Amino acid sequence: MSETTQTKETVGSFTMKVLNGSATAIIVSLLPSAILSTFLTPFAGSNAIVANLLHIVTVFQYFFAVMCGFSTAKQFNLGYTEAACVGGAAFLGSGCMTAVTTTVKGVTTTSFQLAGMGDVINTMLTAAVAVLFIKWVGNRFGSLGIVFFPILAGTGVGFLGSLIKPYVSLVTTAIGDVINTFTKLAPYSMCILIAMSFAIIIVTPLSTVAISVAIGLAGMGSAAAGFGLASTAAFLFWATLKVDKPGVQVAIFLGVIKMMMPNFLRYPVIGIPIALTAAISTLSVPILGMQGTPASGGFGLIGAVSPLAAYNAGFYNVLVLVIVWVVVPFAVGYLMKKIFVDWTKIYKPEYFISPAR
């Protein structure tokens, strides 16, 4: 078949392939930690093998950038050499690695440390630029592609990604500044707005953890943020139940909600029931005085981090914790799904088919 008969890539199709590749990488990188960390943590202090396994599943999620680049490249049917270069570029552009320089007795050494998953937006942008470069070059390098692609598409584009990362990260900072203004409002208004904000942010490339930590979100504001994430998981659990394979609901329940980024960006209207679920569910926070920390605000039900933060802050009624953190969001999410999808049919079920299934 001639090249002219192939489907022409559009901006929309290119963007969706990048998002789909990122969604796949998010599932693969985060699921082991989401599933195992909760069970391993209580035993890590007394068992060296369990502690080592906990370290392994924690580090595994830090390779999201490499997985994102590779899976994005495969969305465009690139070869394995090219896909490896895109993965390397995405890793460098993510900022998940930091250089640490130490001087001992006049001898300076440099080591490198992993610092989390990195900036998701910049990771995706770097991967996209690497793919564009490789597609633009095509077969011009011929057999020398094995030499030039790692240099230009790998380290070259990766270096470019590292240069723009500080500027791309300003997006997260700006969103955090807006959310920080909500903390100055009355408790009910504050909790509702923060919960709705985090409910939407979790289905975008923005990092809820980074925002929560950056603005020092604590107390009821942190708990409300956690409810926002729990509410999104609850609604999407019901919305995907009949249109996706069971593994999708398991992943969503365990906190891998960002796998639904492509769905939200393609159909932004699904943010309405997500936000409404969060607004209603988070009323438990000011009523019961739920608390949280900056570190717990961006997690929600992942590893039960937000509920445990409320418990550690003095809310010791476990039964009530289960009811307000699990039963309430899932009940409200089910109602929203019935209203928007089943009864009024405002949204079509296919809006919630995960591209990563």
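Read the figures in this text as sums done on the coordinates, not as results from a lab. Everything quoted here is computed from the prediction, not taken from an experiment. Every residue, glycine among them, receives a Cβ derived from its backbone with ideal geometry; neighbour counts consider all protein chains shown.
Overall, the chain carries a charge dipole of about 340 debye about its Cα centre when +1 sits on the Cβ of Lys and Arg and -1 on the Cβ of Asp and Glu, all other atoms neutral. Given their separation in residues at 0.36 nm each and the Cα-Cα distance between them, Phe112 and Leu265 gain 51.6 nm when the chain is fully extended.
Here the Kirkwood formula puts the hydrodynamic radius of the chain at 21.4 Å, using every distinct Cα pair. Between Val50, Val157, Val256, the Gaussian network model of the chain with springs among Cα atoms under 10 angstrom shows the greatest mean-square fluctuation at Val50. Note on Lys8: lysines with a C-alpha under 27 Å away, same-chain residues under 8 apart excluded, are Lys17, Lys74, Lys135. Need one word for the stretch 185-352: rounded, prolate or oblate. Basis is the Cα gyration tensor (sqrt eigenvalues a ≥ b ≥ c); a/c below 1.5 gives rounded, then a/b vs b/c decides. Prolate, since a/c reaches 1.5 and a/b exceeds b/c.
For the stretch 229-329, trypsin sites (Lys or Arg not before Pro) are listed when DSSP marks them as loop and at most 12 other Cβ atoms sit within 10 Å of their Cβ; the list is Lys242. Between Val100 and Asn317, the distance separating the two model label sites (each 7 Å from Cα on the Cα→Cβ line) works out to 4.4 nm. The residue list Ile121, Ser13, Leu144 was ranked by how far each Cα lies along the charge dipole of the stretch 11-165 toward its positive end, using unit charges on Cβ atoms, and Leu144 comes out on top. Reducing the stretch 71-147 and the stretch 205-229 to their Cα centroids gives an inter-centroid distance of 29 Å.
Comparing Ala65, Ala199, Ala51 in a Gaussian network model of the chain, where Cα atoms under 10 Å apart are tied by springs, the biggest mean-square fluctuation is seen for Ala51. The modelled label-to-label distance between Val171 and Val327, using points 7 Å beyond Cα along the C-beta direction, is 4.0 nm. Among Pro205, Ser222, Gly303, whose Cα lies farthest out toward the positive end of the dipole of the stretch 185-352, if unit charges sit on the beta carbon of Lys, Arg (+1) and Asp, Glu (-1)? Result: Pro205, furthest along the dipole toward the positive end. Amide H to amide H, with H built 1.01 Å from N, Cys96 comes under 5 Å of Asp119, counting only residues 5 or more places away or on other chains.
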